[in-house]
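The values are calculated or read from the model by the stated rules, or taken from the named source; none is laboratory data. Because the structure is predicted, anything quoted here is derived from the model rather than measured. Counting neighbours? That spans all protein chains shown, and the Cβs are built from the backbone with ideal geometry, glycine included.
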Amino acid sequence: MIAATIVGLGVGNAAPAARAGESVADFAGRWKDEARQLTFDISKCAGGWCGVEVTGASTCGRTALRIEEQPSRGGRLVGRLELMAEAQPYSVSADLDPQGVRMLLKGHSGEKFQPWRRTYPFMTALVRVGDAQCRVDAKVS
């Protein structure tokens, strides 16, 4: 009886698993880093999440960030960040804080994200500042 109670309590405290095709974290929104003057509107896209660069006051630019969940890497969100069209892109990892208001984006040049590195040439903390206005699938006509 005591063993059944202990097992029952353990099951009740387990975190709910994400449903198939659903990400554990919700990255949708406008994300900003004042220090680097970076702003991305992140929304769902084919295969994961895409970040459209926001330039000027609210002008939608190109898709600069693409991240997706990697089950083989413990569900870590990894992908590519292209800050400038002519520069080599970064392989990045995105982590969201438990409250969903700060995102740590870290990366390095190269084809595949390497989580075991001690330092990353690119690291920034973005803050959610509102809803995404720019979409990857925005129509031009």
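Name the residues in region 55-65 that are under 18 Å from residue 80 (Cβ atoms) and surrounded by 13 or more Cβ atoms within 10 Å (Cβ to Cβ), would you?
61, 63, 64, 65
Suppose the filter is in contact with a Lys or Arg (Cβ under 7 Å, 6 or more places away or on another chain) and within 18 Å of residue 130 (Cβ to Cβ); does residue 41 pass it?
Spelling it out, residue 41 is indeed in contact with a Lys or Arg (Cβ under 7 Å, 6 or more places away or on another chain) and within 18 Å of residue 130 (Cβ to Cβ).
Taking strands (runs of 3 or more DSSP E) that fall entirely within region 66-113, which contain at least 1 residues that are at pLDDT below 75 and under 18 Å from residue 47 (Cα atoms)?
Fully inside region 66-113 and qualifying: 76-81.
Looking at region 25-45 only, could you name the residues that are over 14 Å from the mean Cα position of the chain (by Cα) and surrounded by fewer than 15 Cβ atoms within 10 Å (Cβ to Cβ)?
34, 35, 36, 37
Taking the criterion of being within 14 Å of the chain's Cα centre (by Cα), under 17 Å from residue 130 (Cβ atoms) and of a type in the set (Lys, Arg), would at least one residue in region 92-105 satisfy it?
Scanning region 92-105, I find at least one residue that is within 14 Å of the chain's Cα centre (by Cα), under 17 Å from residue 130 (Cβ atoms) and of a type in the set (Lys, Arg), so the answer is yes.
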